[in-house]
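Worksheet: the structure to be examined is printed underneath.
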Amino acid sequence: MPELPEVEALADHLRRHAVGRQIVRVDISALSVLKTFDPPVTALYGRPVTGAQRWGKYLGLQVGEMYLITHLSRAGWLRWSDKLAPAPLKPGKGPIALRVHLVGDEPGQTVGFDLTEAGTQKRLAVWVVRDPMDVPQIAALGPDALTLGPEDLKEVLAAHGGRIKTVITDQKIIAGIGNAYSDEILHVAKLSPFATANKLSEVQLVDLHDAMSSVLTDAVARSVGQQAATLKGEKRSGLRVHARTGLPCPVCGDTVAEVSFVDKSFQYCPTCQTGGKKLADRRMSRLLK
């Protein structure tokens, strides 16, 4: 799933490649992705792209006084092309859900991007709105993970008694962090994924804030400027524990462990994070704290 660093990099890519170009048309292959109907997609036609923004893990183009916003969800992605095929998309064919045509550099040519989604669980969503806050999920977002100061983080966590892994990935509490970067942040902070959020010590809170800032800032720095096609690989190359089950921890050499759920898993280092104790991987029973 694209998280804050990748979405920020995609927004930067659109600022560099789409801003200043007029929208020619929008092809929709999967009608289910479009969550709004007023204003219609056709209201974007002929209007210039004036900006690209990020709200947590939501990505949007500003088009005049309107916004084309997407949430890529778990399996969605943005694929840029300097030469789009002129033929309209065929409904329900292939992974492309939506295609945005922009005025190209040559007469009759269009550039632009596809929003694609792999797999069978179709969760990619697109909105056309006059105000980003018209998207209920954006209006409900917590503060952005990169804007939180140490005291802000302390205040946010004080109100939540859940497991720290769950709390920092709840977009209504802190926006932008998902499964992968929460693993990385907690590893750097040397915190158990099941530590209780509102019971962290002052030292742990400082370490968590420092880890959140350093991990996300570094990931943004590595991602911004990359082509959209290389962002996934760049993300994987920077991960130290996430998706590295069975491999040695780059800090202490212990074997990276995993806790699995029905539809996802997360990774951690027992030596760095849980005092050498392995968390129980019990899909059908209570997990150890």
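What to note about this one:
- Relative contact order computed over the chain (Cα-Cα under 8 Å; 6+ residues apart), in percent: 18
- Amide H contacts of G142: K172, I173, I174, A175, each under 5 Å away and 5 or more positions distant or on a separate chain (H built 1.01 Å from N in the peptide plane; Pro and chain starts excluded).
- Per-residue Karplus couplings for region 75-85, computed as 6.51 cos²θ - 1.76 cosθ + 1.60 with θ equal to phi - 60°, are listed in order as 10, x, 7, 10, 10, 8, 9, 7, 7, 7, 5 Hz, Gly and Pro entered as x.
- Take the Cα radius of gyration of region 4-140 and divide it by 2.2 N^0.38 Å, N being the number of residues; the result is 0.96.
- Area accessible to solvent at F266, 1.4 Å probe radius, in Å²: 10
- Probe 1.4 Å, all protein chains present, accessible-area order of V126, V103, largest first: V103, V126
- Cα lying deepest toward the dipole's positive end in region 142-236, options A229, H160, S201, charges on Cβ: A229
- Estimated FRET transfer efficiency (D254, R79; beta-carbon r; R0 30 Å; 0.05): 0.20
- Nearest-0.05 FRET efficiency for A221 and A43, computed from C-beta distance (R0 41 Å): 0.65
- Packing order of peptides 154-165, 212-223, highest average first: 212-223, 154-165 (average count of other Cβ atoms within 10 Å over each peptide's residues).
- For region 59-82 versus region 125-144, the inter-centroid distance based on Cα atoms is 13 Å.
- Distance between the C-alpha centres of region 248-281 and region 1-39: 36 Å, rounded to the whole angstrom.
- Of the residues Y67, Y181, ranked by 1.4 Å probe accessible area with the largest first, the sequence reads Y67, Y181.
- Degrees between helix 4-17 axis and first principal axis of the chain (Cα, 0 to 90, nearest 10): 20
- Solvent exposure of D82, expressed as accessible area, is near 100 Å², computed with a probe of 1.4 Å over the protein chains only.
- Alpha carbon centroid spacing (whole Å) that separates region 92-119 from region 164-232: 33
- Ratio of Rg to Rh over region 150-286 (Cα coordinates, Kirkwood Rh, two decimals): 0.96
- Largest first, the extents of the alpha carbon coordinates of the chain on the three principal axes equal 64, 36, 35 Å.
- Backbone amide hydrogens, once placed in the peptide plane, bring A52 within less than 5 Å of Q62, excluding anything fewer than 5 places away on its chain.
- Solution diffusion estimate, µm²/s, Stokes-Einstein, region 159-239, Kirkwood Rh from C-alpha pairs, 10 °C, viscosity 1.306 mPa s: 119
- Lone cysteines, the chain (no partner Cβ under 4.7 Å): C252
The values are calculated or read from the model by the stated rules, or taken from the named source; none is laboratory data. Since the model is a prediction, treat every value here as computed from it, not as a measurement. Cβ coordinates were reconstructed from backbone atoms using ideal geometry, including for glycine residues, and neighbour counts include every protein chain displayed. Keep in mind that these areas ignore ligands, DNA and RNA; they rest on the heavy atoms of the full protein, side chains included. Shrake-Rupley method; radii C 1.70, N 1.55, O 1.52, S 1.80 Å.
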